[in-house]
Every structure is written in structure tokens, then in C-alpha cells.
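Everything on this sheet refers to the single structure shown next.
The values are calculated or read from the model by the stated rules, or taken from the named source; none is laboratory data. This one's a predicted model, so the numbers in the text were calculated from it and none came from an experiment. A quick note on method: Cβ atoms are made from the backbone with ideal geometry, for glycine too, and the neighbour counts reach across all protein chains shown.
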Amino acid sequence: MVYLSHTVPPTRRKGASMRTRIPLGEYLSLKGSDLRKEEYRHLWLLLYWPIYLLVFLIIERFIGGAYTPIHCPADDRIPFCEWFIFPYFLWFPYLVGMLAYTLLEDVGTFRRLMGYFILTFSAAVVIYRLWPTCQQLRPDTFPRANLATESVMFLYRLDTNTNVCPSEHVIGSAGVVFAAFASPELKKHRWWILLLGIVICVSTVFVKQHSLLDHAAALPVCLAGWLACFRKKR
């Protein structure tokens, strides 16, 4: 078979970095020296997470400030509903699941998603440091005693009511949705992923973890992340 000079044979790759799928077994068998290879350099992006968590913990627990309460009249019209705690907690596997899937099935989208998280979550941390905020929406008592309210109480003990604007639940959920629409592998599932992301965002106001203003403040951050990492270049 003869190929024209400007074509590439189907079985040939221009470079290792063009690989889309990398099986889990291959990742598990990597050696330290393998991380220098172009096809595995995207793994270095994962180092962002321990750095981010450490910085966020320091700001959240050890650096105080004059916190600005975030509140709008519409917040008072939203009733507390403890059952939204379950989609609220889904945010964590929602993010981790998309990262894991793209790491194995769509490395290009993984790179774009990690770029989005690095940009937007870092911006949120800077905002929290420069403009400390809090919310005072949590109920003093719960109308019922059940598993959901126990879970809400656990959340309140685990998480503080500070550094809430912009909402990282909204920022992170938007990143997962952007990745779902960017990945050809997820074409059949992207609308379900979008619906779950909306439910997760809505849950934050029903369990009184965020004000609607936190959602509004997250939108320009999400837009900036999309423009920088997911917008198709002409």
C-alpha cells in the first residue's frame, strides 16, 4: 500500500502523547523513570490536589479574618430540606469519577479538565484569602430526626461555614459537565451528567451550605475556566 507524503498510515502514531486510552494495569506497572516520558507526563498534574488541599486547609482552619456574611432575600425563601444532603455528598465521587474515567479513557480531556480545576480552584482560593466570606444560613434546630439530618449534622461538624463565595461545588460540577461534553466517549451520557450536576448544585442551597449569591459568583469563574480550557479553537 502506498501513502501520499502528507498522510499518516493508520497504524502509526505521530508521538506517544497522542494516545487516548491508557489501561489501569499500565499505570500500575509504571516506574518512576516512566513519568519523564511524554505519554505519562499528564500524571504530574495530579500533584496539584495535595497542594490545593493543604493551602485550602490552612486558609480554612488557621488563617482568620473579618468574614463578610453572604446573604440575599431569596435565600430565606428556600426551605431547609435534609434529603438534599445525599446529592450534596455525591459531589466528591462526581469529580473523582470523571477524573478517573478520563485518565483511563480520554487523556486529552483529562488534561483539559485538570487545567480547568487548577485555574478555577486556585482562583477560588485566592478570592477566599483576599475576601473572607461566611454564611449564616444553617438552622439552629432540625424539624425531624432521621438519617438525612444526622448526615447534615455530620457535615456541619466537618465543614466550617466560612470561605463560601464563590461556590466550589458549582465550579467543580461545571468542570465535570464541560468534560462530559468535550469527550466523544461520553456522548451518550452527557445529558445525565449535566442533570446530576444541576441537582448537586441545587442541593447546596437546600442544606444551607451556600447562598444563591455564591452560585452567581461562581459563574464567571466557570466561564473563565471554560474559555481557557474547553473552548474549541478555530
Study note, to complete from the structure: Residues of the stretch 87-138 being over 21 Å from ILE70 (Cα atoms) and touching a Cys at 6+ places or on another chain (Cβ under 6 Å), in sequence order, are ARG112, GLY115, TYR116
Exercise for review: Would you be able to tell me the number of residues in the stretch 207-225 that are hydrophobic (A, V, I, L, M, F, W, C) and surrounded by 19 or more Cβ atoms within 10 Å (Cβ to Cβ)?
Suggested key: 6
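Is the stretch 62-75 home to any residue that is within 21 Å of the chain's Cα centre (by Cα) and modelled with pLDDT of 95 or more? Talk me through it step by step, then tell me what you get.
Initially, the stretch 62-75 is screened for residues within 21 Å of the chain's Cα centre (by Cα), giving none.
The answer is no, given that none of the residues of the stretch 62-75 is within 21 Å of the chain's Cα centre (by Cα) and modelled with pLDDT of 95 or more.
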Check your understanding: Across the stretch 153-178, what is the total count of residues that are among the aliphatic types (A, V, I, L, M) and out of contact with any Phe, Trp or Tyr (no Cβ under 8 Å at 6 or more places or on another chain)?
Key -> 4
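Here's the yes/no breakdown for (1) surrounded by fewer than 20 Cβ atoms within 10 Å (Cβ to Cβ); (2) among the charged types (D, E, K, R); (3) modelled with pLDDT of 95 or more; (4) in a helix (DSSP H, G or I):
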{"residue": "PHE110", "(1), (2), (3), (4)": "no, no, yes, yes"}
{"residue": "TYR116", "(1), (2), (3), (4)": "no, no, yes, yes"}
{"residue": "THR120", "(1), (2), (3), (4)": "no, no, yes, yes"}
{"residue": "ALA123", "(1), (2), (3), (4)": "yes, no, yes, yes"}
{"residue": "ILE127", "(1), (2), (3), (4)": "yes, no, yes, yes"}
{"residue": "GLN136", "(1), (2), (3), (4)": "yes, no, no, no"}
{"residue": "PRO139", "(1), (2), (3), (4)": "yes, no, no, no"}
{"residue": "PRO143", "(1), (2), (3), (4)": "yes, no, no, no"}
{"residue": "ARG157", "(1), (2), (3), (4)": "yes, yes, no, yes"}
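Quickly run through the stretch 165-184 and pick out the residues that are in a loop (DSSP other than H, G, I, E, B) and either in contact with a Pro (Cβ under 7 Å, 6 or more places away or on another chain) or at pLDDT 95 or above (or both). So that I can check it myself, show each step before the final result.
Residues of the stretch 165-184 in a loop (DSSP other than H, G, I, E, B): 165-167, 183.
Selection gives CYS165, PRO166, SER167.
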